[in-house]
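Q: If you scroll down you'll find the structure; I have some questions about it.
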Amino acid sequence: MQTIFMKKGFESVINPQTLEKISIDNEFIYLHDNNLEISYNLDVADMYDSPFGEDENDFNSFIELFEESLSQLKDYFAEDFEIVYFTYNGEYTATMWKFEAGKLVTSSGWIGDFCNSCDDADDEDEARNEFVDANYPDLKEGYPSEELLDGLRKTLSNY
């Protein structure tokens, strides 16, 4: 799990539906005191029987609300952080959020988009697909490759 430390009072700006769901003890996104715990693995296939819904649409809607909440919580982050996680929404997706010096930025997309070494491959599409296959299991387990992290960091933008 990755932790975002929060200042007191953050509950007032977070969507009540989101707050209710993340207050239920679970292994994916869980609020404990002022610590927001976020798993590396937010794969809908692994989240059945969790507080986040009954099907893929429920889960994807929740992730959208949760990500909107992160931007609303910017003034309540107690310290800088960098988090990264895997989701599946029709494609294998990597997402990074970084908060540093009061600025919140994010990067998200198909894992193959973050393969820097694939640009020089003879068959770039095949190389990107191989990169996805090689990287998504490690990301889900909390061990993103340096190449994936570097690719995400290079594309960070203001949220």
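The values are calculated or read from the model by the stated rules, or taken from the named source; none is laboratory data. What you are looking at is a predicted structure, and each value in this text was computed from that prediction instead of being measured. Don't worry about glycine lacking a Cβ; one is built from the backbone with ideal geometry, like all the others, and counts go over all protein chains shown. To get the accessible areas, we keep the full protein, side chains included, count just its heavy atoms, and leave off ligands, DNA and RNA. Shrake-Rupley method; radii C 1.70, N 1.55, O 1.52, S 1.80 Å.
Q: Hey, could you get me the Stokes-Einstein D for segment 1-94, Kirkwood radius over alpha-carbon pairs, 25 °C and 0.890 mPa s, rounded to whole µm² s⁻¹?
A: Diffusion coefficient, whole number: 181 µm²/s.
Q: Using modelled amide H (1.01 Å from N, peptide plane; none on Pro or chain starts), what sits under 5 Å from the amide H of PHE77, excluding residues fewer than 5 places away?
A: Here the answer is LYS7, since their amide H atoms fall under 5 Å of that of PHE77.
Q: Ignoring ligands, DNA and RNA, please state the percent of accessible area on segment 99-145 from carbon and sulfur, probe 1.4 Å.
A: C and S atoms contribute 39 percent here.
Q: Roughly how many nanometres apart are two label points built 7 Å out from the Cα toward the Cβ at SER61 and ASN89?
A: Once both label points are built, they end up 1.5 nm from each other.
Q: Excluding ligands, DNA and RNA, what is the solvent-accessible area per residue of segment 20-159 at a probe of 1.4 Å, expressed in Å²? Before the final figure, lay out each step's value.
A: Values: 7270 Å² over 140 residues.
Counting only protein heavy atoms, the per-residue value for segment 20-159 is 52 Å².
Q: Roughly what would the spin-label model give for GLN2 and SER145, points 7 Å off Cα along C-beta, in nm?
A: A separation of 1.8 nm, rounded to one decimal place.
Q: For ASN41, list long-range residues whose amide hydrogen, built 1.01 Å from N in the peptide plane, is under 5 Å from its own amide hydrogen.
A: Amide H neighbours of ASN41: PHE86.
Q: Measure nothing but the geometry: give the 0 to 90° angle between the long axis through the Cα atoms of 56-72 and the longest principal axis through the Cα atoms of the chain, rounded to 10°.
A: Orientation of helix 56-72: about 70 degrees from the principal axis.
Q: Rounded if a/c is under 1.5, else prolate if a/b beats b/c, else oblate: with a ≥ b ≥ c from the C-alpha gyration tensor eigenvalues square-rooted, which is segment 71-152? Don't skip to the answer; put the middle values down first.
A: Details: a/c = 2.54, a/b = 2.17, b/c = 1.17.
Cα axes put segment 71-152 in the prolate bin.
Q: Quick one: 3J(HN,Hα) in Hz for segment 88-96, Karplus 6.51/-1.76/1.60 with θ = phi - 60°, rounded, Gly and Pro as x.
A: 10, 9, x, 8, 6, 10, 10, 10, 10
Q: With a ≥ b ≥ c taken as the square roots of the eigenvalues of the C-alpha gyration tensor of segment 15-54, please select rounded if a/c is under 1.5 and otherwise prolate if a/b is larger than b/c or oblate if it is not?
A: Verdict is oblate for segment 15-54.
Q: Each residue of segment 134-151 in turn: what ³J(HN,Hα) in whole Hz from Karplus with 6.51, -1.76, 1.60 and θ = phi - 60°, glycine and Pro shown as x?
A: Per-residue couplings from phi come out as 7, 9, 5, x, 5, 4, 4, 8, x, 10, x, 5, 5, 5, 5, 4, 4, x Hz.
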